[in-house]
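Visitor: Sharing a structure, written as structure tokens. Questions coming.
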Amino acid sequence: MKPKHSKQGIAMRTVYVNGAYVPETEAKVSVFDRAFLFGDGIYEVASVLGGKLIDFPAHIARLHRSANELGMRIDVSDEEILAIHRELVSRNEVEEGVVYMQLTRGAVDRDFMFDTEKLKPTLVLFTQTRPLVDTAVARNGMKIVSIPDLRWGRCDIKTVQLLYPSLGKMEAKSRGADDAWMVRDGVVTEGTSNNAFIVTKTGAIVTRPLSNAILPGITRAALMSYSTASGTPVEEREFTIDEAREAAEAFITSASVFVGPVISIDGVELSGGKPGPVTLGLRKTYLEESLKRAI
Ligand code: PLP
């Protein structure tokens with residue numbers, strides 16, 4: 001089905017809101033929704049390549065994990081969630097891009113206290129069409145600056161409380177960089193919207209272990225398993241921002257960037273200021289392997 005167009009001729013997406021497929025200009029969520037008032041919502045972003053979903057089962061598993069950690073209900077089955085993803089990809093003719101899914105605890109008159117059982121969760125999904133494979137970041141790499149990690153203590157839950165990461169990206173931009181890595185006690189936690197990796201001089205990849213301090217990235221986990229399978233040593237340990245600045249290479253992982261080369265940290269160039277060979281090899285492996293599993 002062709003996307004509808006607004007009076008101005010701008011392509012109008014079809015979005016999903018609580019059981020209905022509607023033009024984006026007609027989609028409505030209550031002003032009393034707890035995600036709007038309290039940030040009481042969780043989300044997932046799954047990428048689409050060749051019209052197919054990448055790493056989808058892992059995204060669903062993490063949605064359940066986030067919901068469980070917050071005592072939030074999911075009233076829609078996994079099969080239905082997959083069907084909604086596919087319907088939106090098809091209606092909006094997405095060949096390459098992402099599907100954003102947000103689940104909130106629901107809408108109720110404003111009160112800090114809540115009774116989840118009496119609330120009907122809000123489920124919203126929409127697509128974004130954009131290049132993911134052949135991008136400026138993939139070709140040229142990204143410049144990173146470090147910022148203190150001032151987020152709350154449950155960064156392992158994928159909530160919509162993204163003000164600090166958003167401000168972090170703006171600070172990176174104002175410092176002439178593309179993104180920021182967050183640092184706690186000298187140790188890198190993660191990127192504003194991605195997991196952080198370095199490559200040692202001996203060619204091992206290093207990323208910090210999972211804990212409440214970072215999001216268990218779907219791309220991180222997939223990449224680590226492909227790396228191990230292909231013989232690239234993986235060290236799951238903490239690393240300092242100083243070690244990162246002296247690393248042979250560095251990169252980030254996320255569902256929409258996949259493996260993104262880092263070419264400088266706080267102005268210190270890595271791998272000669274261009275994407276490093278280990279990183280580019282891992283990006284290729286990730287794309288090949290995840291496409292094989294795309295659904
Ligand atoms: N870390 C943070 C803080 C994120 O927001 C994200 C993605 O949004 C990631 C890591 C990467 O996770 P994934 O690979 O599942 O996209």
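Visitor: State all residues of region 90-119 that are part of a loop (DSSP other than H, G, I, E, B) and more than 30 Å from residue 49 (Cα to Cα); if no residue qualifies, say none.
Guide: The initial filter retains those residues of region 90-119 that are part of a loop (DSSP other than H, G, I, E, B), namely 92-95, 105-106, 108-115, 119.
Across region 90-119, the qualifying residues are 105, 106, 108, 109, 110, 111, 112, 113, 114, 115, 119.
Visitor: Restricting attention to region 267-290, which residues are of a type outside the set (Ser, Thr, Tyr) and within 16 Å of the ligand (Cβ to nearest atom)?
Guide: So in region 267-290, the residues of a type outside the set (Ser, Thr, Tyr) come out as 267-270, 272-278, 280-284, 287-289.
Matches in region 267-290: 282, 283, 287, 289.
Visitor: For region 136-161, which residues satisfy the criterion of being touching a residue at least 12 places away in the same chain (Cβ under 8 Å), open to solvent by 30 Å² or more (accessible area, probe 1.4 Å) and within 16 Å of the ligand (Cβ to nearest atom)?
Guide: Restricting attention to region 136-161, the residues satisfying the condition of being touching a residue at least 12 places away in the same chain (Cβ under 8 Å) are 137-151, 153-161.
Now narrow it down to the ones that are open to solvent by 30 Å² or more (accessible area, probe 1.4 Å): 137, 139-140, 143, 148, 150-151, 153-154, 160-161.
The answer is 137, 148, 150, 151, 153, 154, 160, 161.
Visitor: Suppose the filter is at pLDDT below 95, away from the ligand (no atom under 13 Å from the Cβ) and not acidic (Asp, Glu); does residue 264 pass it? Steps first, please.
Guide: Numbers: at pLDDT below 95: no; away from the ligand (no atom under 13 Å from the Cβ): yes; not acidic (Asp, Glu): yes.
No, not satisfied.
Visitor: Check region 102-114 and report whether any residue there is closer than 23 Å to residue 80 by Cβ, over 19 Å from the mean Cα position of the chain (by Cα) and not small (Gly, Ala, Ser).
Guide: Keep residues of region 102-114 that are closer than 23 Å to residue 80 by Cβ, which gives 102-107.
Checking which are over 19 Å from the mean Cα position of the chain (by Cα) leaves us with 105-107.
Restricting the remaining residues to those that are not small (Gly, Ala, Ser) gives 105.
Yes, region 102-114 contains a residue that is closer than 23 Å to residue 80 by Cβ, over 19 Å from the mean Cα position of the chain (by Cα) and not small (Gly, Ala, Ser).
Visitor: So the check is Cβ under 8 Å with 6+ separation or different chains; which pairs have a first residue in region 40-55 that's farther than 17 Å from residue 259 by Cβ and open to solvent by 10 Å² or more (accessible area, probe 1.4 Å) and a second one that's near the ligand (Cβ under 9 Å from one of its atoms) and not acidic (Asp, Glu)?
Guide: What qualifies is 43/158.
Visitor: Any residue in region 236-256 that is away from the ligand (no atom under 16 Å from the Cβ), closer than 27 Å to residue 294 by Cα and surrounded by fewer than 20 Cβ atoms within 10 Å (Cβ to Cβ)?
Guide: No: region 236-256 contains no residue that is away from the ligand (no atom under 16 Å from the Cβ), closer than 27 Å to residue 294 by Cα and surrounded by fewer than 20 Cβ atoms within 10 Å (Cβ to Cβ).
Visitor: Taking residue 182 and the conditions (1) within 30 Å of residue 28 (Cα to Cα); (2) open to solvent by less than 10 Å² (accessible area, probe 1.4 Å), which numbered condition does it fall short on, given that it satisfies the others?
Guide: Going through (1) within 30 Å of residue 28 (Cα to Cα); (2) open to solvent by less than 10 Å² (accessible area, probe 1.4 Å) one by one, residue 182 breaks only (1).
Visitor: Among the residues of region 186-209, is any more than 14 Å from the chain's Cα centre (by Cα), on the phi > 0 side of the Ramachandran plot and without any contact (Cβ under 8 Å) to a residue 12 or more places away in the chain? Don't jump to the end; show me each part of the working.
Guide: Let us first name the residues in region 186-209 that are more than 14 Å from the chain's Cα centre (by Cα), namely 186-189, 197-209.
From what's left, on the phi > 0 side of the Ramachandran plot: 186, 203.
Restricting the remaining residues to those that are without any contact (Cβ under 8 Å) to a residue 12 or more places away in the chain gives none.
Within region 186-209, none of the residues are more than 14 Å from the chain's Cα centre (by Cα), on the phi > 0 side of the Ramachandran plot and without any contact (Cβ under 8 Å) to a residue 12 or more places away in the chain.
Visitor: If I ask for residues that are over 25 Å from residue 157 (Cα atoms), without any contact (Cβ under 8 Å) to a residue 12 or more places away in the chain and small (Gly, Ala, Ser), which ones from region 217-257 would you list?
Guide: 229, 231
Visitor: Mind listing just one residue for me: the one in region 256-281 that is among the small types (Gly, Ala, Ser) and within 26 Å of residue 48 (Cα to Cα) and, of those, nearest to the chain's Cα centre (by Cα)?
Guide: Our first condition is that a residue be among the small types (Gly, Ala, Ser); within region 256-281, this holds for 256, 260, 264, 267, 271-273, 276, 281.
Filter once more, keeping what is within 26 Å of residue 48 (Cα to Cα): 256, 260, 276, 281.
Details: 256: 6, 260: 12, 276: 23, 281: 21 Å.
Only one residue tops the list, namely 256.
Visitor: Separate question: Looking at region 5-37 only, could you name the residues that are modelled with pLDDT under 95 and touching a strand residue (DSSP E or B) at 6+ places or on another chain (Cβ under 9 Å)?
Guide: Keep residues of region 5-37 that are modelled with pLDDT under 95, which gives 5-12.
Of everything in region 5-37, those that are modelled with pLDDT under 95 and touching a strand residue (DSSP E or B) at 6+ places or on another chain (Cβ under 9 Å) turn out to be 5, 6, 11, 12.
Visitor: Further, regarding this structure: Within region 49-88, count every residue that is among the acidic types (Asp, Glu) and within 16 Å of the ligand (Cβ to nearest atom).
Guide: Taking region 49-88 first, the residues among the acidic types (Asp, Glu) are 55, 69, 75, 78-80, 87.
Then keep just the ones that are within 16 Å of the ligand (Cβ to nearest atom); that gives 55, 69.
Total meeting the criteria: 2.
Visitor: Exactly one of these conditions fails for residue 284: (1) of a type outside the set (A, V, I, L, M, F, W, C); (2) within 21 Å of the chain's Cα centre (by Cα); (3) surrounded by 20 or more Cβ atoms within 10 Å (Cβ to Cβ). Give me its number.
Guide: Looking at each condition in turn, residue 284 falls short on (3).
Visitor: Within region 33-77, restricting attention to residues that are of a type in the set (D, E, K, R) and outside any helix (DSSP H, G or I), which residue is nearest to residue 107 (Cα to Cα)? Give the derivation first.
Guide: So in region 33-77, the residues of a type in the set (D, E, K, R) come out as 33-34, 40, 44, 52, 55, 62, 65, 69, 73, 75.
This time we only want the ones that are outside any helix (DSSP H, G or I), so: 33, 40, 44, 52, 55, 73, 75.
Values: 33: 4, 40: 10, 44: 20, 52: 33, 55: 31, 73: 13, 75: 15 Å.
Among them, the one singled out is 33.
Visitor: Let me ask something else. Being outside any loop (DSSP other than H, G, I, E, B), of a type outside the set (Ser, Thr, Tyr) and buried (at least 21 other Cβ atoms within 10 Å of the Cβ) is the filter here, so list the residues in region 257-277 that pass it.
Guide: We begin by selecting, within region 257-277, every residue outside any loop (DSSP other than H, G, I, E, B); these are 258-265, 268-269, 271-273, 277.
Narrowing further to those that are of a type outside the set (Ser, Thr, Tyr): 258-263, 265, 268-269, 272-273, 277.
Scanning region 257-277 gives 258, 259, 260, 261, 262, 263, 265.
Visitor: For region 166-179, what are the residues that are surrounded by 17 or more Cβ atoms within 10 Å (Cβ to Cβ), within 12 Å of the ligand (Cβ to nearest atom) and either in a helix (DSSP H, G or I) or outside the structural domain of residue 246 (by TED's automatic domain parsing) (or both)?
Guide: Narrowing region 166-179 to residues surrounded by 17 or more Cβ atoms within 10 Å (Cβ to Cβ): 168-169, 172, 177-179.
From the residues that got through so far, the ones that are within 12 Å of the ligand (Cβ to nearest atom) too are 168-169, 179.
Within region 166-179, 168, 169 qualify.
The values are calculated or read from the model by the stated rules, or taken from the named source; none is laboratory data. Everything numeric here is computed off the predicted structure, so don't read it as measured data. Every residue, glycine among them, receives a Cβ derived from its backbone with ideal geometry; neighbour counts consider all protein chains shown. Accessible surface is based on the protein model in full, side chains and every heavy atom, while ligands, DNA and RNA are left aside. Shrake-Rupley method; radii C 1.70, N 1.55, O 1.52, S 1.80 Å.
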